[in-house]
1. Give the range 175-234 a look and list any residue that's assigned to a helix (DSSP H, G or I), closer than 30 Å to Val27 by Cα and of a type in the set (Ser, Thr, Tyr), or say none.
2. Which of the residues belonging to the range 81-104 are aromatic (Phe, Trp, Tyr) and surrounded by fewer than 24 Cβ atoms within 10 Å (Cβ to Cβ)?
3. Report whether or not Ser52 is at pLDDT 95 or above, over 14 Å from Ile138 (Cα atoms) and not aromatic (Phe, Trp, Tyr).
4. Determine, yes or no, whether Val161 is loosely packed, with under 15 Cβ neighbours inside 10 Å and within 25 Å of Phe24 (Cβ to Cβ).
Amino acid sequence: MKKQTGLTIVKDFARPDEALVKQFEGVAVANLDDVMNRISSVNEHLNPVNESPLLGTAFTVKVPAGDNLMFHVAMDLAKPGDVIVIDAGGDTHRSIFGELMVTYCRMRGIKGIVVDGSVRDVDAMRKLEDFAIYARGITPDGPYKNGPGEVNTPVVVGGQVVFPGDIVLGDADGVLFIRPEEAPELLEKVHVIENNEKKILETMAREGTYIRSWVQPKLDTYDIDYIDYADYTK
């Protein structure tokens, strides 16, 4: 079948096992980003609109700046458990969606929306506790509905490449996209970090100290002058 750049709708795709996705429940985005070499989260310009946690499967959409035609297509094709991830090119001049579209997505069992663009009706969105929304901006100006666009092709959101079927994890710190084939190894690594942080906090509470054995060896790599304050101010 012929594929046209900018005019492609992939109706369905293989999703990761639900049990695998669920294993990321409660995992901190910051910890997971650490084990993904600290370069894997969306950039700081995409922020949560509410406090709802985000976990699901990426259903990707690519739209022109300020246009949401293909998002309307996506809402009818996405399945329960999906997270709609919209590449709007980072343009913030027009909102891509508002309360009506969010309400419909919630009714269909969609878990949330991540948009590299703007939203509106934020007062209503902020009250939601079961539907996460991340966006680059806020504006009351509504979208055009002309297209073109793509559904379920690779997109770029917040500086990260996203494929349909990626696992989407979000919290107050930001959002990550996880390739399903990498998920088991990442889970093992992040649990090591979680256990280590738990031990550090327990030591702090018990002994009142934060042990960091790596600090002095790092300082020893420099030629540092250790002097008293009185000498420094002379």
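The values are calculated or read from the model by the stated rules, or taken from the named source; none is laboratory data. Note that the structure is predicted; figures quoted are calculated from it, not measured. Heads up, the Cβs are rebuilt from the backbone with ideal geometry, glycines too, and the neighbour counts pull from every protein chain shown.
1. Scanning the range 175-234 gives a single hit, Thr203.
2. Tyr104
3. Considered against the rule, which asks whether it is at pLDDT 95 or above, over 14 Å from Ile138 (Cα atoms) and not aromatic (Phe, Trp, Tyr), Ser52 comes out as yes.
4. yes
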